[in-house]
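> Structure in structure tokens, see below.
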Amino acid sequence: MTSTTNVLLRQPGSVTQVAPEPYTATISREQVLALLKTTAVGQRDFILVDTRQKDVEAGTIRGSINLQAESLPITLPSVYALFKAAGLRLVIFYCGTSVNRGRKAAEHLTGHITRVGDRNMKSLVLEGGFKGWAAAGEEYVRWVDAVDVSSS
């Protein structure tokens with residue numbers, strides 16, 4: 001039987017990274033849309049985190065922040081502290097399909113939340129990711145914002 005605890009991965013010449021937790025809960029796009037529609041921006045206790053890199057140019061779900069998945073293992077304590085200070089209860093990660101980057105980022109935060117014993121914050125992954133959101137119809141597409149890449 002495999003353990004669900006995190007294991008430190010050390011490779012010569014690399015930064016120490018924490019292996020992701022094996023399971024993180026999901027949230028449906030319908031649930032996320034309901035949260036967006038019913039909660040004013042300044043009153044939200046949740047955040048959407050887009051973990052994509054260059055493919056973020058296709059747009060992002062309104063109100064999302066972009067935090068590339070590759071940087072999360074290194075910045076996790078600081079990111080968690082910021083989320084905690086902001087009073088966030090739900091951190092919802094996604095990538096293109098939420099199969100790789102979004103899921104792994106959510107798993108990393110789930111592991112950290114477990115290690116620090118935080119019972120108030122929950123890390124989730126958006127089912128279907130950005131592609132599922134954009135393909136779900138006009139009601140969802142209206143909540144997609146263009147990304148300005150002209151200054152890049």
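The values are calculated or read from the model by the stated rules, or taken from the named source; none is laboratory data. Please read all numbers here as calculations on a predicted model, not as lab measurements. Here the Cβ positions follow ideal geometry from the backbone for every residue, glycine too, while neighbour counts run over all protein chains shown.
> Look at Y140 and say whether it is under 22 Å from T26 (Cβ atoms), part of a helix (DSSP H, G or I), hydroxyl-bearing (S, T, Y) and touching a Phe, Trp or Tyr at 6+ places or on another chain (Cβ under 7 Å).
Judged against the criteria, Y140 is a match.
> Determine whether R62 is of a type in the set (D, E, K, R), modelled with pLDDT of 90 or more and farther than 24 Å from V99 by Cβ.
Against the criterion (of a type in the set (D, E, K, R), modelled with pLDDT of 90 or more and farther than 24 Å from V99 by Cβ), R62 does not qualify.
> Within segment 93-112, how many residues turn out to be of a type in the set (A, V, I, L, M), within 18 Å of D45 (Cβ to Cβ) and touching a helix residue (DSSP H, G or I) at 6+ places or on another chain (Cβ under 6 Å)? Break it down into steps so the answer makes sense when it comes.
Initially, segment 93-112 is screened for residues of a type in the set (A, V, I, L, M), giving 99, 105-106, 109.
Next, only the ones that are within 18 Å of D45 (Cβ to Cβ) stay: 106, 109.
Still in the running and touching a helix residue (DSSP H, G or I) at 6+ places or on another chain (Cβ under 6 Å): none.
Qualifying residue count, segment 93-112: 0.
> Mind telling me which of the residues L82, L72 ends up being modelled with pLDDT of 95 or more, out of contact with any strand residue (DSSP E or B) (no Cβ under 7 Å at 6 or more places or on another chain) and not small (G, A, S)?
Step by step, each of L82, L72 is checked, and only L82 is modelled with pLDDT of 95 or more, out of contact with any strand residue (DSSP E or B) (no Cβ under 7 Å at 6 or more places or on another chain) and not small (G, A, S).
> Go through (1) under 14 Å from the mean Cα position of the chain (by Cα); (2) at pLDDT below 95; (3) not in a loop (DSSP other than H, G, I, E, B) for I47 and report which single condition fails.
(2)
> Look through segment 115-145, keep the residues that are exposed (fewer than 15 other Cβ atoms within 10 Å of the Cβ) and β-branched (V, I, T), and return whichever of them is nearest to T97 (Cα to Cα).
Of everything passing the filter in segment 115-145, V141 is nearest to T97 (Cα to Cα).
> Filter segment 8-38 down to the residues that are farther than 20 Å from Y94 by Cα and either modelled with pLDDT of 50 or more or of a type in the set (S, T, N, Q) (or both), then identify the one that is surrounded by the most Cβ atoms within 10 Å (Cβ to Cβ).
Per the criteria, the residue is Q17.
> A further question on this structure: Checking the conditions here, which among S98, S123, S71 is of a type in the set (S, T, Y), touching a Gly at 6+ places or on another chain (Cβ under 8 Å) and either within 17 Å of D50 (Cβ to Cβ) or without any contact (Cβ under 8 Å) to a residue 24 or more places away in the chain (or both)? Please lay out each step first, then the result.
Working: S123 fails: touching a Gly at 6+ places or on another chain (Cβ under 8 Å); S71 fails: touching a Gly at 6+ places or on another chain (Cβ under 8 Å).
Only one candidate qualifies: S98.
> A follow-up question, please. Identify the residue in segment 85-122 that is among the aliphatic types (A, V, I, L, M) and not in a helix (DSSP H, G or I) and, among all such residues, is modelled with the lowest pLDDT.
Selected residue: V99.
> Considering each residue of segment 21-63, count those that are of a type in the set (S, T, Y), closer than 24 Å to G137 by Cβ and touching a helix residue (DSSP H, G or I) at 6+ places or on another chain (Cβ under 9 Å), and give that number.
Within segment 21-63, residues that are of a type in the set (S, T, Y), closer than 24 Å to G137 by Cβ and touching a helix residue (DSSP H, G or I) at 6+ places or on another chain (Cβ under 9 Å) number 3.
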